[in-house]
Amino acid sequence: MTDTLLSVTGLTVHRGPRRILDDVSFTLGRGETLALVGESGAGKSTIAAALMGLLAGQAKVDGAAVFDDVPDLLALREKAWTGLRGRRLAMIFQDAGAALNPCYTVGSQLTSVLRRQLSLGRADARAKAIALLESVGLNDAAARMSSYPHQLSGGMQQRVMVAIALACDPDLLFADEPTSALDVTIQAQIVQLILDQTRQKGASCIFVLHDLALASQSCDRIVVLYAGQVMEAGPSGTVLRDPRHPYTQLLKSCVIEIGTADLDPPQGSVPGYDDLPAGCRFASRCPRVLPRCATQRPPLEKVAGRDLACWNPEEAE
Ligand SMILES: Nc1ncnc2c1ncn2[C@@H]1O[C@H](COP(=O)(O)OP(=O)(O)OP(=O)(O)O)[C@@H](O)[C@H]1O
Ligand code: SF4
Ligand SMILES: [Mg+2]
């Protein structure tokens, strides 16, 4: 059985009166990759931000998140994040161009992380930075150290972000739609790079993805979110080969019928957070809806090798 690295229980996030995440629970094994999928506004980035301790002062966060030997990430004060964020938990953002500082060279941004987090001397930090840039496939890495971000292509910038995120050998990497700002041809290369690098280092990775096909190909586990709640979660093979939740089925049918991998289901839209139904949040779009769905929220229960929240799930194929 996989050794659990992260166990999230009942993660709930309020922004003012709006409950953006509602009782989200999932686990991630050491060395595993997990995909968070769902339409825009489902709360994927909010999960990553909550687990990185980035919501302090902006939102009310409840629940618990056991991470390795840390009893609860959600209860940490800002000071306690020193030595954790950037070191044991790292993040790759969607837009590398915006995440990199335009005023500093790639080399100085990378070496400053290495010097600060790993207390390396100048020469050691430079040598490690060059090795890191080589490992993420940047040609002529030594010369690239003195490039400014704007002198690199989008794909090269994202490679630099991967190098920075992995510089301190984190246990857990969050990659929040790391390729959506890139050309389609480069996207697969960057996802593969992140997977290869995290596997090589034995790290775990949480991918925030819009792309169901990519999620199924690249991740061990999948969590399907809808309007801030987990609808279905489990091993990717189990969930995507044989989806039981009507929403997962809708997502899968879009990939097959429209031939696109992007999650943009045509039937209806996600309810607004100001106007959520008391029962199942998917009820207004669900082809299998029952009368009780409107008033009673389905609990997340173990069914056929996955977690499932539905009163009337699809039977086995
Ligand atoms: N800073 C913010 N202030 C207020 N509401 C926010 C803020 N950031 C996100 N939200 C709201 O929280 C909800 C979840 O947003 P989140 O960004 O987590 O979704 P997402 O699944 O990552 O979507 P996307 O695929 O578009 O990135 C949305 O309704 C969004 O409007
Ligand atoms: S609980 Fe009801 S409305 Fe929600 S997905 Fe299941 S059948 Fe559909
Ligand atoms: Mg997002």
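Put in order of Cβ neighbour count within 10 Å, fewest first, the listed residues Lys201, Lys44, Lys252 become Lys201, Lys252, Lys44. Between helix 154-166 and the chain, what is the angle of the helix's C-alpha long axis to the longest principal axis, kept within 0 to 90° and rounded to the nearest 10? Orientation of helix 154-166: about 90 degrees from the principal axis. Out of every Cα-Cα pair that the chain contains, those further apart than 32 angstrom amount to 30 percent. Rounded to the nearest Hz, the phi-derived 3J(HN,Hα) couplings of the range 32-38 under the Karplus curve 6.51 cos²θ - 1.76 cosθ + 1.60 (θ = phi - 60°) are 8, 10, 10, 9, 9, 10, x, where x marks glycine and proline.
The HN-Hα couplings worked out from phi for the range 77-85 by the Karplus form 6.51 cos²θ - 1.76 cosθ + 1.60 (θ = phi - 60°) are 7, 3, 4, 5, 6, 4, x, 10, 6 Hz, whole numbers, x standing for Gly and Pro. Here the sum of -39500 (n - 2.57) over DSSP H runs of 4 or more residues, divided by the residues of the chain, equals -9500 deg cm²/dmol at 222 nm, to the nearest 500. Rounded to the nearest Hz, the phi-derived 3J(HN,Hα) couplings of the range 12-22 under the Karplus curve 6.51 cos²θ - 1.76 cosθ + 1.60 (θ = phi - 60°) are 10, 10, 10, 10, x, x, 8, 8, 6, 10, 10, where x marks glycine and proline. What is the local net charge at Arg288, summed over the other residues whose Cβ is closer than 14 Å to its Cβ (Lys, Arg +1; Asp, Glu -1)? Local charge sum for Arg288: 0.
Amide H to amide H distances under 5 Å link Ile222 with Ala35, Gly234, Ser236, where only residues 5 or more positions off or on other chains count and H is placed in the peptide plane.
From least to most packed, judged by other beta carbons within 10 angstrom and beginning with the fewest, Met231, Met52 follow the order Met52, Met231. Once each part is reduced to its C-alpha centroid, what is the distance from the range 18-39 to the range 69-106 in angstrom? Their Cα centres are 18 Å away from one another. Counting only DSSP beta bridges with both residues in the chain, the antiparallel share comes to about 60 percent.
Just so you know, the Cα atoms of the range 140-282 work out to an Rg and Dmax of 17.8, 58 Å. Please say if the range 182-228 is rounded, prolate or oblate, where rounded means a/c under 1.5 for a ≥ b ≥ c the square roots of the C-alpha gyration tensor eigenvalues, and otherwise the choice is prolate for a/b larger than b/c and oblate otherwise? In terms of gyration-tensor shape, oblate. Between the beta carbons of Glu315 and Asp62, assuming R0 = 41 Å, the FRET efficiency works out to 0.70 to the nearest 0.05.
Ranked by how many other Cβ atoms sit within 10 Å of their own Cβ, fewest first, the residues His245, His14 fall in the order His14, His245. Relative to the longest principal axis of the Cα atoms of the chain, the long axis of helix 106-118 lies at roughly 80 degrees. Shape class for the range 127-193: oblate, because the ratio a/c of the largest to smallest gyration tensor axis (alpha-carbon atoms, square roots of eigenvalues) is 1.5 or more and b/c is at least a/b. Between the amide H of Val303 and those of Leu308, distances stay under 5 Å, these residues lying 5 or more places away or on another chain, with hydrogens modeled in the peptide plane. Here the spin labels are modelled as points 7 Å beyond Cα on the Cα-Cβ line, and at Ala294 and Leu54 they lie 4.0 nm apart. Near the amide H of Leu21, within less than 5 Å, lie the amide hydrogens of Val13, all on another chain or at least 5 residues away, with H placed in the peptide plane. To the nearest ten degrees, helix 246-258 and the longest principal axis of the Cα atoms of the chain are 70 degrees apart.
Note on Lys79: lysines with a C-alpha under 21 Å away, same-chain residues under 8 apart excluded, are Lys60.
No lab work stands behind these numbers, since they all come straight from the coordinates. Keep in mind the model is a prediction, meaning the values are calculated, not measured. Counting neighbours? That spans all protein chains shown, and the Cβs are built from the backbone with ideal geometry, glycine included.
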